[in-house]
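Reading through the structure tokens given below for one structure.
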Amino acid sequence: MCLRGRTENIVKKASLLVSVMILAAALSGCGNEDKGSGTGHQYNAVLCGNPSSLDPQFADDPSSNTVIKNLYSGLVSVDKSGNIALCNAESYSVSSDGTAYTFTLRDDNFWFFDKNSDDVIEEDEYFPVTADDYVFALRRVLDPKMKSPYARDFSCVKGAKLIERGLIEPSEAEIYAPAENTLVIVLEKPNTEFLYLMSTPAAYPCNEEFFNSTKGRYGLDDKSVMSNGAFFVRQWFYDPYGSNNILYMKRNDADWSETFDIYPALLSFSIERNEEDIRARFKAEETECFTTQNSSPYNPKKYIVEGSSAATLGFIFNPEDKYFSNENMRKAIAVGVDREKLAKELNSALEPAYGILPPAVRLSGRSYRELVSDRSFDLFDRADAQSCFEQGMSEVGAESLEGVKVLVCGGTADTAALHVLMQDWQSIFGSYIGIDEVTEEEYYSRIESGDYNIALYPLKGRLGYGASVIEQFESVPCLKYAAYSEEPTAPLRECADTNALVEAYTDAERGIINGYGFVPVFYRKSYLIASDDNEQIYYDPFMEAVDFRLALNFS
């Protein structure tokens, strides 16, 4: 790679950058730079499974997301309070009609690729990130050949729907770079959450020249990625049949400015096959944090235990089932869930869910559930449940339920609480419904084949905004019949202000709940567990990504 369009200011910084990198390398070799401040630490972290790809426009598994979060950076980011903050953008403006966004880029964000692997920044190894890099990245997301999981999220861009239908090329999307430091994106209609979308990995830059140089291997090995973020990949080794699999990252001092400080010096990820192995490493103090759905073994007085409710567990029904293809039978289940009684039986990982969107979904820096209480969605009515059940059984021509069970993925929920619900149903319906708890592999196999009556389904968006959750009712086959319209997210992507968006989310939730195809039962937490000498390790429960950029360690 070569320097392109380097300004006089960048030339002046070159020698200083080299000095900074040499100093950082020397300090990292000696351990912590400053134990008192918590900076300069080498984090021993862990990934559950090998990253599938480090291509931010394509990857969406937790291991990939964690590495990508620390490898790249975007124009804007979301701070710990859930508010939009400037990152690689110096500023942005929005047109008066709310459809055109203009971003002005900072001049101190650089690509870095350590060609000779000597950890020293040389003049042919770094160059500025430009607006063209964002144009190329976003057009890749919209390209049907790319099959990006984020294409639907960016369908609000003008031209995106025509691209999806094959009527125009991705290069014709209204995403422009009128200057090296200026990016313009035009939307079909105003979208209140567009800035949040621009904070996600799909909107991280991608350099076309480097992308083409990898000859189809972009993001697949340590020689096919370069960094514009906090760390760069120094080594990535994975043998599916061996051990000692690692992904090693060093602080990227080519990406520096007076505005942002990156506190750790190194990230050393071991790549483990399952959570059992990860827990063993944590117990042996060989890793400093991990993520899990089960925090019960870890005392908050001894460890950092941070949980966030990002999934909604709800009942879905087999549309071909003898009993639950009938609407009255589904309604009987929907109005027969006494969540107040359930609340008394739940562990700390679960709380009763009356709505579709979990508390971790944020809007304007606040939990959506703080803005809209889900209690208005409560359908519980014992008499109505009994009446619907009797009418439904008459309509399907049955006198009693035979062999009906709720399919549950092992470890998804506390089955003790479900047994309480089953007993309540028996008293309401006069029929017993059992629980069939199976492995994760068998669970999803049976969902796909339609081998179930009722299933407790974990609903979670890929991203932390409401449309990503509701979108599952458009894209996941077992949820499609539960949608109240063919495209329930359409109104959510066309809201000009927060008030309109709140109303649209509320309508979407109510439409799904009143259709009796998905019955919310629990909100489920996922957790970050860390040793108590750490601070400022951040966890995104939707992408399941751990952010170490501001992490401090005081061991």
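The values are calculated or read from the model by the stated rules, or taken from the named source; none is laboratory data. Treat the numbers as computed from the prediction; the structure is a model and nothing was measured. Here Cβ is always computed from backbone atoms with ideal geometry, including for glycine, and neighbour counts include all displayed protein chains. SASA here: full protein model, heavy atoms, side chains in, ligands and nucleic acids out. Shrake-Rupley method; radii C 1.70, N 1.55, O 1.52, S 1.80 Å.
Answer with yes or no whether ALA177 is of a type in the set (Gly, Ala, Ser), under 21 Å from VAL129 (Cβ atoms), in a helix (DSSP H, G or I) and touching a residue at least 12 places away in the same chain (Cβ under 8 Å).
no
Sort out which residues of segment 402-428 are open to solvent by less than 20 Å² (accessible area, probe 1.4 Å) and more than 38 Å from the chain's Cα centre (by Cα), and write them in order of number.
ILE428
Could you pull out the residue among ALA254, ALA230 that is over 17 Å from SER64 (Cα atoms), in contact with a strand residue (DSSP E or B) (Cβ under 8 Å, 6 or more places away or on another chain) and buried (at least 19 other Cβ atoms within 10 Å of the Cβ)?
The conditions single out ALA254.
With respect to VAL186, determine if the residue is closer than 23 Å to LEU463 by Cα, outside any loop (DSSP other than H, G, I, E, B) and open to solvent by less than 20 Å² (accessible area, probe 1.4 Å).
no
Quick one: in segment 210-223, of everything that is in contact (Cβ under 8 Å) with a residue 60 or more places away in the chain and in a loop (DSSP other than H, G, I, E, B), which residue is farthest from ASP61 (Cα to Cα)?
Across segment 210-223, the extreme among qualifying residues is TYR218.
Considering only segment 320-358, state which residues are within 24 Å of the chain's Cα centre (by Cα), closer than 21 Å to PHE380 by Cα and assigned to a loop (DSSP other than H, G, I, E, B).
Listed by number, the residues that qualify are ALA353, TYR354, GLY355, ILE356, LEU357, PRO358.
Test each condition in (1) crowded, with 17+ Cβ neighbours inside 10 Å; (2) more than 30 Å from GLY411 (Cβ to Cβ) for SER270 and report the one that comes out false.
In the conditions (1) crowded, with 17+ Cβ neighbours inside 10 Å; (2) more than 30 Å from GLY411 (Cβ to Cβ), SER270 misses (2) alone.
Count, please, the residues in segment 477-499 that happen to be modelled with pLDDT of 95 or more and either closer than 17 Å to GLY98 by Cβ or among the β-branched types (Val, Ile, Thr) (or both).
Final tally of qualifying residues: 0.
In segment 231-273, which residues are in a loop (DSSP other than H, G, I, E, B) and closer than 21 Å to ASN50 by Cα?
If the condition is that a residue be in a loop (DSSP other than H, G, I, E, B) and closer than 21 Å to ASN50 by Cα, then TYR238, ASP239, PRO240, TYR241, GLY242, SER243, ASN244, ASN245, ARG273 are the ones that fit.
Kindly provide the set of residues from segment 42-80 that are touching a Lys or Arg at 6+ places or on another chain (Cβ under 9 Å) and at pLDDT below 95, ordered by number.
Result: ASP60, VAL78.
Of the residues TYR134, TYR196, which single one is closer than 26 Å to SER96 by Cβ, part of a helix (DSSP H, G or I), touching a residue at least 60 places away in the same chain (Cβ under 8 Å) and touching a strand residue (DSSP E or B) at 6+ places or on another chain (Cβ under 6 Å)?
TYR134
Kindly indicate whether ARG369 is surrounded by 15 or more Cβ atoms within 10 Å (Cβ to Cβ), touching a residue at least 40 places away in the same chain (Cβ under 8 Å) and among the charged types (D, E, K, R).
no
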